[in-house]
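Here's the structure, in structure tokens; my notes come after.
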Amino acid sequence: QVQLVESGGGLVQAGGSLRLSCAASGGTFSNYAMGWFRQAPGKEREFVAEISGSGIATSHADSVKGRFTISRDNAKKTVYLQMNSLKREDTAVYYCAADQKFGSRSRERYDYWGQGTQVTVSS
């Protein structure tokens, strides 16, 4: 059983930056691919980025490519999402999730989820 806790959300002006963190406990962290998803009010939860267990492979949604970067520190059992050049449309609750395999952008494939952290981007 893996427990995930996100932090780092908040209110930021458009063009600003935030770094989200997701701390894991339970299980062997490096065995899991980790993903970030987000859900805006009235919308489906959507894929943002994922990273393989080793950290070598990453994948980002087109909507955030070049602005967001996923990374991980297996010694600290933590995955990060660095968000730069934030836009109003990035406003959402951001969730981290763990999957036993890298390469899936489908939320149904992820086994464990955090409680989410709110990111609000103002103009």
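Evaluate the following for residue 8: is it within 16 Å of residue 116 (Cβ to Cβ) and in contact (Cβ under 8 Å) with a residue 60 or more places away in the chain?
Considered against the rule, which asks whether it is within 16 Å of residue 116 (Cβ to Cβ) and in contact (Cβ under 8 Å) with a residue 60 or more places away in the chain, residue 8 comes out as yes.
Select from the stretch 81-94 the residues that are open to solvent by 50 Å² or more (accessible area, probe 1.4 Å) and either aliphatic (A, V, I, L, M) or in a loop (DSSP other than H, G, I, E, B) (or both) and list them in ascending order.
Residues satisfying the conditions are 84, 85, 87.
So that you can scan it fast, the table gives a plain yes or no per residue for (1) touching a strand residue (DSSP E or B) at 6+ places or on another chain (Cβ under 7 Å); (2) in a strand (DSSP E or B); (3) open to solvent by less than 10 Å² (accessible area, probe 1.4 Å); (4) on the phi > 0 side of the Ramachandran plot:
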{"site": "62", "(1), (2), (3), (4)": "no, no, no, no"}
{"site": "69", "(1), (2), (3), (4)": "yes, yes, no, no"}
{"site": "72", "(1), (2), (3), (4)": "yes, yes, no, no"}
{"site": "79", "(1), (2), (3), (4)": "yes, yes, yes, no"}
{"site": "96", "(1), (2), (3), (4)": "yes, yes, yes, no"}
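Would it be correct to say that residue 77 is basic (Lys, Arg), farther than 23 Å from residue 123 by Cα and within 15 Å of the chain's Cα centre (by Cα)?
Criteria met by residue 77.
Could you check, for the stretch 99-114, whether at least one of its residues is assigned to a strand (DSSP E or B) and either in contact with an Asp or Glu (Cβ under 7 Å, 6 or more places away or on another chain) or of a type in the set (Lys, Arg) (or both)?
Yes, some residue in the stretch 99-114 is assigned to a strand (DSSP E or B) and either in contact with an Asp or Glu (Cβ under 7 Å, 6 or more places away or on another chain) or of a type in the set (Lys, Arg) (or both).
The values are calculated or read from the model by the stated rules, or taken from the named source; none is laboratory data. Predicted, not measured: the structure shown is a model, and the values here were computed from it. So basically every Cβ, Gly included, is an ideal-geometry build from the backbone, and we count neighbours across all protein chains shown. Note: accessible area is taken over every heavy atom of the protein model, side chains too, but ligands, DNA and RNA are not part of it. Shrake-Rupley method; radii C 1.70, N 1.55, O 1.52, S 1.80 Å.
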